[in-house]
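So that we are looking at the same thing, I have put the structure below in structure tokens.
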Amino acid sequence: MLDTEARRPDMIHSRDQLLHLVPQLTALPAEAEWVEFKVNNTDPTMIAERISALSNSAKINGQDFGYLIWGVEDGSHKIVGTTFAPETAKKGNEALEAWLAHSIHPQIHFEFETVQIGGLRLVVLTVVPASFEPVRFGPRAFVRVSENTQELDRYPDHARRLWRAFDDRGREGGAAKERLTDEHVLDLLNFRNTLSCSACHSRRTGSGFSALWRTTA
């Protein structure tokens with residue numbers, strides 16, 4: 001029996017909050033750019049891409065979090081349960097969560113939680129929004145476009161909206177971002193990717209800073 005009142009200090013949501021949140025999300029008329037449903041698709045690459053996409057899209061849409069929920073049918077939003085067990089899942093010989101933590105740049109806080117609703121097991125992945133640059137899986141940033149996950153550099157309008165969301169300098173900063181052209185947006189993305197590759201190389205060779213595990217952006 002799950003203790004719905006139990007909450008670890010590092011948890012984003014208590015299980016009691018998730019029990020109220022999941023029905024609200026499944027009641028949405030369609031998947032949002034910050035919410036996605038799966039049943040048993042547990043491919044690690046898919047999950048990493050979704051973490052990037054949901055984090056960036058939550059920022060674009062002004063949401064506190066992005067969510068990927070297993071155990072819910074995509075079209076009908078019917079709760080059917082899942083066999084996914086993130087605590088034992090692996091990518092190769094490495095624990096899934098550890099692999100995700102060092103595959104996402106910059107590192108952000110995300111967490112898997114398991115709840116039961118109507119006797120059915122669900123897994124909720126909660127992702128915090130990007131805070132100062134696009135969140136990437138490897139060298140690529142992703143974003144949700146309607147109900148689909150796409151590479152951010154293919155959608156300059158979404159990229160502009162994301163960079164504007166990072167700008168907290170008020171009206172003047174917002175106006176500056178409004179003037180960004182598609183080429184400027186792509187230049188920003190390419191520049192960040194170059195920095196990311198340099199940082200990854202430093203970590204692999206032992207120079208530069210060390211990666212932090214699941215630090216909050």
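The values are calculated or read from the model by the stated rules, or taken from the named source; none is laboratory data. Just so you know, these numbers come straight off a predicted model, no measurement behind them. Here the Cβ is made from the backbone with ideal geometry for all residues, glycine too, and neighbour counts use every protein chain on show. We work out accessible area using only protein heavy atoms, side chains counted, and drop any ligands, DNA or RNA first. Shrake-Rupley method; radii C 1.70, N 1.55, O 1.52, S 1.80 Å.
Tell me the net charge near Phe112. Cut-off is 10 Å between Cβ atoms, Phe112 excluded, with +1 for each Lys or Arg and -1 for each Asp or Glu.
Residues near Phe112 contribute -4 overall.
OK, next. Could you sort the peptides 109-121, 40-52 by per-residue average Cβ neighbour count (10 Å cutoff), highest mean leading?
Order by mean packing, descending: 40-52, 109-121.
Still on this structure: Excluding Thr126 itself, calculate the net charge of residues whose Cβ lies under 9 Å from the Cβ of Thr126, where each Lys or Arg counts +1 and each Asp or Glu counts -1.
Once positives and negatives cancel, what remains is -2.
Could you tell me which of His105, Phe142, Ile69 has its Cα farthest along the dipole of the stretch 61-176 towards the positive end, charges placed at Cβ (Lys, Arg +1; Asp, Glu -1), taken about the Cα centre?
Farthest along the dipole direction, towards plus: Phe142.
Once neighbouring chains are kept in place and the probe is 1.4 Å, which whole percent of the accessible area of the stretch 1-149 is contributed by carbon and sulfur?
49
With a probe of 1.4 Å, find how much accessible area the stretch 81-145 has per residue, and write the answer as a whole number in Å².
Per residue, the stretch 81-145 has 35 Å² of solvent-accessible surface.
Where does the Debye-calculated log10 I(q)/I(0) of the stretch 1-127 sit at q = 0.15, 0.16, 0.19, 0.20 Å⁻¹, using only Cα point scatterers of equal weight, no solvent?
-0.68, -0.78, -1.14, -1.26
Classify the stretch 64-162: rounded, prolate or oblate, from the alpha-carbon gyration tensor (a ≥ b ≥ c, eigenvalue square roots; a/c under 1.5 rounded; otherwise prolate if a/b is larger than b/c)?
The shape class here is oblate.
If you don't mind, there's one more thing I want to ask. Excluding Val145 itself, what net charge comes from residues whose Cβ is under 15 Å from its Cβ, given Lys and Arg +1 and Asp and Glu -1?
Here the charged neighbours net out to -1.
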